[in-house]
Amino acid sequence: MDERTAARDILAAARRLVVFTGAGVSADSGVPTFRGASADALWGKYDPYQLASPQGFAADPKLVYDWYNWRRSQLAAIHPNPAHNAIATLQARGAAVITQNVDGLHERVAPPGCMTILRLHGKIAADRCSVCEYAEQIDLHNLPALRPCPRCGEYLRPAVVWFGESLDPAVWRAAETACKNADAMLVVGTSGEVYPAAGLVRLAARNRAKIILINLEASPFDDLVDVALNRRAADIMPQLI
């Protein structure tokens, strides 16, 4: 039996499937990378902690907010790829989706009635206040400037999880519960290096879930998986559904 057939069999037999995604699922949509000069000649020279930490925001709110608006402007012209569509098909069959991504591409193709996606690291198309927790959605085609919170006057910030911040407790509890109860987990496009999110794969494996891994490179999960497919997510995912 080849690996694709084995993966199809696991997905077909699963009754409590969890799909866990990282940056690799959005790579074929053209989502820019976070680090490095290749991301953009202007922003590549900055340390990530300057742009994605509470301390960086406190030091220069405009710099951080402008950088996130640049990322938002990129996402406005980006569309879900075949991997997102394949995951939406699994979602329509009852799969839970947990993502490390903040790009919102899963939501764009989620089937009606299946919009619950556990976003571990937040959502880039929203702003919130760190003081009073006021929040509002952002139109990617009509981006606002840095502005004060209408309730308390502190600057609004992107509603994402920054370095040094904790994940939303309710989202994390829901993700842990889904992984503890899963009989199969499809892991797509994640390096397995970002914790605590990466620990969810080990949690599912400890509870005897079958693990399918789709990733271009080797990962810390390789010793846990039942099937590993070193392919681009957009290429292989439609073949599994």
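What follows draws every value from the coordinates through simple rules; no lab data is involved. For clarity, every value in this text was computed on a predicted model and none was experimentally measured. A quick note on method: Cβ atoms are made from the backbone with ideal geometry, for glycine too, and the neighbour counts reach across all protein chains shown.
So here's what we get for this one:
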| item | result |
| --- | --- |
| Which of Ser29, Gln50, Ile236, positive extreme of dipole for the chain (C-beta unit charges) | Ile236 |
| Sites Arg206 and Asp9 - FRET efficiency at Förster radius 35 Å, r taken between beta-carbons, to 0.05 | 0.95 |
| Relative contact order for the chain, counting Cα pairs under 8 Å that sit 6 or more residues apart, in percent | 26 percent |
| Ranked list, fewest to most other Cβ atoms within 10 Å of each Cβ, for Arg208, Arg108 | Arg208, Arg108 |
| Among beta bridges that DSSP assigns inside segment 141-232, antiparallel share in %, nearest 5 | 10 percent |
| Contour minus Cα-Cα distance for Ile241 and Glu136 (0.36 nm per residue) | 34.2 nm |
| (1) 17.0; (2) 13.0; (3) 15.3, with the label sought being that of the calculated mean projected area of the Cα convex hull in nm² | (2) |
| Order of Lys62, Lys123 - criterion: other Cβ atoms within 10 Å of each residue's Cβ, fewest first | Lys62, Lys123 |
| Residues His141, His121, His84, sorted so that the one with the fewest Cβ neighbours within 10 Å comes first | His141, His121, His84 |
| 222 nm mean residue ellipticity, helices alone, for the chain (DSSP H n ≥ 4; -39,500 (n - 2.57); rounded to 500) | -9500 deg cm²/dmol |
| FRET efficiency for Leu63 and Asn181, using Cβ-Cβ distance with R0 set to 45 Å, rounded to 0.05 | 0.55 |
